[in-house]
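Beneath this line is the structure, given in C-alpha cells, with notes to follow.
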Amino acid sequence: MSSNDWQSIFHGLDLGTILFDEPLSRHTTWKIGGPADVFVIPTKVEHLQALARICAEHHIPWYVIGRGSNLLVRDGGMRGVVIKLADNFADLSVDGSTNQLTAQAGRSYVSAANTAIRNGLQGLEFATGIPGTVGGAVMMNAGAHGGETREVLLSAEIVEEDGSLVTLQNHDLQFAYRYSILKDHPRIVVRATFQLRPGNTEEMQAKVRNWTKRRQTTQPLQLPNCGSVFRNPEGTHAGLLIEQAGLKGTRIGGAQISDLHANFIVNIDKAQASDVLALIELAQTTVRNRYGVSLIPEVRIVGED
C-alpha cells in the first residue's frame, strides 16, 4: 500500500498516537531499523482491541514492540502496523495479601522486579538483568541469572487477533527455553500477573547489586546493543565459543562484535542492519566450522532488506 492508502484507513481513528513511515531506529536499543508503514502508540486496551479488528478486516500484518531490545529490524523496515507498548502502557499493582504483582505489557521488566523487591516479594530478581518489557518477557520466556519468566508467571491477559480479550494461564503458554506459544501465534500481551513469595528486601537488593556490578564490567552497556545475540547452546556459552573462535572485536561496517563480551554486537558508527546480519552469519559459520555447534539467534530479526 502507498502512504495515502495507509492514511485513508487510519486517519482520524481513536487508537492513540498514529505515525506514518516512522523510522524504527528511533525505537530500538540498537538504534537500527528502517521505517514502519504505520506506527501506533496506544494508551488503553480498547485501542489494542480496535487495532486487532482493523488489521484483521483489512488483512494487515501487525507486530508489537516494547522498548526495542532483543530486536533487529532490517534496513527496509516493516510493512503493516507496528504497535509500541512501553511507557504508554506501564501500570503496575502489588497485592500483598496474595503476594502477586500485576504489570501492563509495556512496563520495564527491571522496574517490575525492583518494585517487587521493595515490597519484600521474591522471585523476580533475575529480571533486573533483562532490558526489555513485561510483555516481551512473557512472549519469549526471558531469563537471566538462572531464573526464567515461566517460573513465576501466573497468567497473562492478551488480545486475540479478532480483538477479543482473554486470559491465558501459565500452562496455556507452552513455555520452553526462550519460547512461548506467542512466538508462533502472535497475540498482544496486555498485562501479566506474577506469583511471588515473601523475601528479605535487603538480601535481594544485595544480590542484585552484585549482579549489576558484574554486568557493568563484563557487558558493553555504554554502546547501543540488543542484549545477547545468540541463545546459549546446551552445556556451553555462545559468547565463549565466539571468543575462542577469535572473533572478539571483529567489525563489519558500523557494527562490531564487542571486545568486552562476544555474545554482544554493538553499534559503534551508524551501523545498518546488514552490518549486524553479516556479523551474525560470520559468527554462526565460524563456530559451526570450528566446533560443530549451531548458534541460534536469540534476537528477533524482522522486516525487509
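The values are calculated or read from the model by the stated rules, or taken from the named source; none is laboratory data. The shown structure was predicted, so the numbers you read here are calculated from the model rather than taken from an experiment. Cβ coordinates were reconstructed from backbone atoms using ideal geometry, including for glycine residues, and neighbour counts include every protein chain displayed.
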Exercise. What do you reckon, is Thr17 among the hydroxyl-bearing types (Ser, Thr, Tyr), touching a strand residue (DSSP E or B) at 6+ places or on another chain (Cβ under 6 Å), under 29 Å from Leu277 (Cβ atoms) and modelled with pLDDT of 95 or more?
Worked result: no
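If I filter segment 82-92 down to residues being assigned to a strand (DSSP E or B) and aliphatic (A, V, I, L, M), which single residue comes out as nearest to Asn4 (Cα to Cα)?
Looking at residues that are assigned to a strand (DSSP E or B) and aliphatic (A, V, I, L, M), I get Val82.
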For this session: Output yes when any residue across segment 3-11 is in contact (Cβ under 8 Å) with a residue 60 or more places away in the chain and outside any helix (DSSP H, G or I), and no when none is.
Result: no
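Let's see how each residue does on (1) under 21 Å from His145 (Cα atoms); (2) at pLDDT 95 or above; (3) not in a strand (DSSP E or B):
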| position | (1), (2), (3) |
| --- | --- |
| Gly76 | no, yes, yes |
| Gly80 | no, yes, no |
| Val94 | no, yes, no |
| Ser97 | no, yes, yes |
| Thr102 | no, yes, no |
| Ala116 | yes, yes, yes |
Problem set entry | Residue under evaluation Arg107, criteria (1) of a type in the set (Lys, Arg); (2) touching a His at 6+ places or on another chain (Cβ under 8 Å); (3) closer than 14 Å to Glu157 by Cβ, criterion not met | (2)
Problem set entry | Set Gly135, Gly146: member being out of contact with any Phe, Trp or Tyr (no Cβ under 6 Å at 6 or more places or on another chain) and over 14 Å from Gly123 (Cα atoms) | Gly135
Exercise. Has segment 158-180 got at least one residue that is part of a strand (DSSP E or B) and of a type in the set (Asp, Glu)?
Worked result: no
Exercise. Which one is nearest to the chain's Cα centre (by Cα), of the residues in segment 181-236 that are basic (Lys, Arg) and in a helix (DSSP H, G or I)?
Worked result: Lys183
Seminar exercise, completed: (1) in a loop (DSSP other than H, G, I, E, B); (2) buried (at least 19 other Cβ atoms within 10 Å of the Cβ); (3) at pLDDT 95 or above all hold for Arg67 apart from (3)
Exercise. Got a sec? Which of Ala56, Ala112 is assigned by TED's automatic domain parsing to the domain that holds Gly163 and either part of a strand (DSSP E or B) or farther than 16 Å from Glu22 by Cα (or both)?
Worked result: Ala112
Exercise. Within segment 189-199, is there a residue that is surrounded by 14 or more Cβ atoms within 10 Å (Cβ to Cβ) and closer than 30 Å to Ser294 by Cα?
Worked result: no
For this session: Would you be able to tell me the number of residues in segment 266-292 that are buried (at least 18 other Cβ atoms within 10 Å of the Cβ) and touching a residue at least 60 places away in the same chain (Cβ under 8 Å)?
Result: 6
Exercise. Mind checking whether some residue in segment 146-155 is within 18 Å of Arg300 (Cβ to Cβ), within 19 Å of the chain's Cα centre (by Cα) and surrounded by fewer than 22 Cβ atoms within 10 Å (Cβ to Cβ)?
Worked result: yes
Exercise. What are the residues in segment 211-265 that are touching a Phe, Trp or Tyr at 6+ places or on another chain (Cβ under 8 Å), touching a residue at least 60 places away in the same chain (Cβ under 8 Å) and hydroxyl-bearing (Ser, Thr, Tyr), if any?
Worked result: Ser228
For this session: Answer with yes or no whether Lys31 is surrounded by fewer than 22 Cβ atoms within 10 Å (Cβ to Cβ) and over 28 Å from Gly253 (Cα atoms).
Result: no
For this session: Select from segment 237-253 the residues that are in contact with a strand residue (DSSP E or B) (Cβ under 6 Å, 6 or more places away or on another chain) and part of a helix (DSSP H, G or I) and list them in ascending order.
Result: Ala238
